[in-house]
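Rule-based calculations on the coordinates, nothing more; no lab input. Remember, predicted model here, so these are calculated numbers, not experimental data. Glycine gets a Cβ as well: all are built from the backbone with ideal geometry, and neighbour counts include every protein chain shown.
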Amino acid sequence: MSSVLVVRKLNAWFGHTQALKEISMEFEQNSVTAIIGPSGCGKSTFIRCMNRLHEEVPEARASGEVFLEGKNIYLPEVDPVAIRRKIGMVFQKPNPFPSLSVFDNVAVGLKLAGVKRSAVLKEAVERSLILAALWDEVKDGLHSPGTSLSGGQQQRLCIARALAVEPSVLLMDEPTSALDPISTAKIEELMTELKKAVTIVIVTHNMQQAARISDKTGFFLLGELIECGDTSQIFTAPKDKHTERYITGRFG
Amino acid sequence: MKHSFTDYIYRSYRKRKVINAVMYVLLSIAVTLAIIPLLSVFGYVIVQGMPALNLEFFTGLPKPVGEIGGGMANALVGTCTLVLIASVVGVPWGIAVGLYLSEYGKDGRLSSIVRFCADMLASIPSIIVGLFVYALVVLPMKRFSALAGGLALGLLMIPTVSRTTEELLKMVPNHIREAGLALGLPRWKVILWIVLKGSRGPITTGIMLSIARIAGETAPLLFTAFNNRFWQSGLDQPISSLPVQIYTYAISPYDDWHRQAWAGAFVLVLLVFMINIITRLIFAATIRKRQES
């Protein structure tokens, strides 16, 4: 298996506060990697560095190397906009674009990137919604507003929106923490299907979730990557005592 | 315990009820006093203007001095023309300023200066804006024109439109912008096609309200658009407008002109009233749509 995404000595700051310290990690193609750790340990910052969204926050900066398919996306000549087309993101709160229909929510990424042919757009919307396991529920209401869907449906709509531009990596920032158990189960189920198409990196607070869905797990603490390895190994035989204490629920 | 605690509670409750009633009456009086002038202006305009209104008012041109009759058709069209020119100037300009303040300038030094200037412009007497345009456009062109009048009104729209745009865009949560950026879209496209488009309903409301405000402006038109007794022959020519026509007729010594000034005032009030009502209906509809979702 080849690594589609390689992180080398990544550091990130908010103003003078260092949020990430010398993180190195690799992500294998068509795998699900879970990032776990207590609140404020830098999990979200870490994945936001991988699509260079971190630097959009005022006073935030990052340094280090992130290789996407062999190319360092932190070189000065690299356009973050182009990177974000290859690395999609799903956020904690379902956030469909207000006053756009279900169809337009999915199509907007392509439309604004200059795709005009409606046949192409239709095909992409249908493909993405099927991939996000939402098609059957919305195919008769593609023109109702995206915000009229239920919370769980909205989150799958956001997944479809991210998939429509055909990224090779999908970053998910606690995608189920605002959802009910049934919607959560649906999205977890979906992820095992999705990883056939994209490489998934998911931040989660829910350790059962990490154990259920991921192939690899990374444990973060205070901005450092404490331990990283096969999920089964992390959850049954952690090497570090902090990891062990966290996964057995003794802190965090 | 003869005078129990309950006794005290009852006595203080009676006292509070009295104070409550007195305050309620005082507030009601204040509200009534505030409404009386407004309603009497409306009432007087309706009483005086309604009977003066006839078909000729909407179709005819002003008659020469001494002749009875005629109408304000040219002033009605003129006001619409001026509002249109003003919108062409003020709406894109105002939205651009609002976009800068909310999306790019944020808390920078330039934005606080811009914000301060916008507030100044909003509170500046409108006749000053008229004078400014007189010096800027009328003097070099050597004539009054619809363009000058429209520009003056357009400048007056900028602060309202820009502050409304800024406030409404600030209400769009940041994660919406991030979701747009995460799709690999350049910032300007996210702002224009996702953030701004998502707030177009309420921003339209702000624009309509600023139109309602400038439609009745007289002072900035006096020495920019001036007035015209006929249909205007081009945008570089003086143009008639309802407020200026009302003003001209109201200060004249002729009864028939006074009658027409009342009719004009009535139509103007009705126009502004209608813009306000329509705006409120649109706004209520968008709010309802948002709550449903």
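Observations on the structure shown:
- The stretch A:1-90 shape via C-alpha gyration tensor axes, a/c threshold 1.5: oblate
- Candidates per GluC sites (Glu not before Pro) in the stretch A:123-229, loop by DSSP, up to 10 other Cβ within 10 Å: none
- B:R288/B:I19 FRET efficiency (R0 45 Å; Cβ-Cβ; nearest 0.05): 0.70
- Span-like helix ranges in chain A, DSSP H, alpha carbon extent 18 angstrom or more, Kyte mean at least -1.0: A:118-131, A:151-164, A:181-194
- Residue-wise HN-Hα coupling along the stretch A:8-20, computed from phi with Karplus coefficients 6.51, -1.76, 1.60 (Hz; x: Gly, Pro): 10, 6, 8, 10, 9, 10, 10, x, 9, 8, 8, 9, 9
- At most 12 other Cβ within 10 Å, DSSP loop - GluC sites (Glu not before Pro), the stretch A:1-85: A:E59, A:E77
- Spin-label model, B:M141 to A:L222: label points 7 Å out along the Cα-to-beta-carbon direction sit 7.1 nm apart.
- Under the convention that each Lys and Arg Cβ holds +1 and each Asp and Glu Cβ holds -1, the size of the dipole of the stretch B:73-292 around its Cα centre is about 560 debye.
- Label zone of B:D236 (point 7 Å out along Cα→Cβ, amide N under 19 Å): in the stretch B:139-178 this covers B:139-152.
- Efficiency of FRET between B:E56 and B:W188 - r from beta-carbon atoms, R0 51 angstrom, step 0.05: 0.45
- Each label was represented as a point 7 Å from its Cα along the Cα-to-Cβ direction; for A:N30 and A:H16 these points are 5.0 nm apart.
- Here the dipole of chain A is about 220 debye; that uses its Cα centre as origin and unit charges on the Cβ of Lys and Arg (positive) and Asp and Glu (negative).
- Here's the picture: charge each Lys and Arg Cβ at +1 and each Asp and Glu Cβ at -1 in chain B, and of B:S145, B:Q48, B:I275 the one pushed furthest to the positive end of that dipole is B:I275.
- Trypsin sites (Lys or Arg not before Pro) lying in DSSP loop within the stretch A:80-118, provided at most 10 other Cβ fall within 10 Å: A:K116, A:R117
- Virtual spin-label span in nm between A:K239 and A:E55, 7 Å along Cα→Cβ: 3.2
- In terms of distances greater than 32 angstrom between alpha carbons, the cross-link table entries A:K195/B:K197; A:K139/B:K197; A:K71/A:K196; A:K139/B:K189 yield A:K195/B:K197.
- Nearest-0.05 FRET efficiency for B:D107 and B:L84, computed from C-beta distance (R0 35 Å): 0.45
- Test item: Cα-centred dipole of the protein assembly as shown, Lys/Arg +1 and Asp/Glu -1 on Cβ, debye: 1000
- Cut-off under 5 Å, modelled amide H: who pairs with A:I202 long-range: A:T33, A:A34, A:I35, A:M172
- GNM top mover of B:S210, B:S102, B:S241 - chain B, alpha-carbon springs below 10 Å: B:S102
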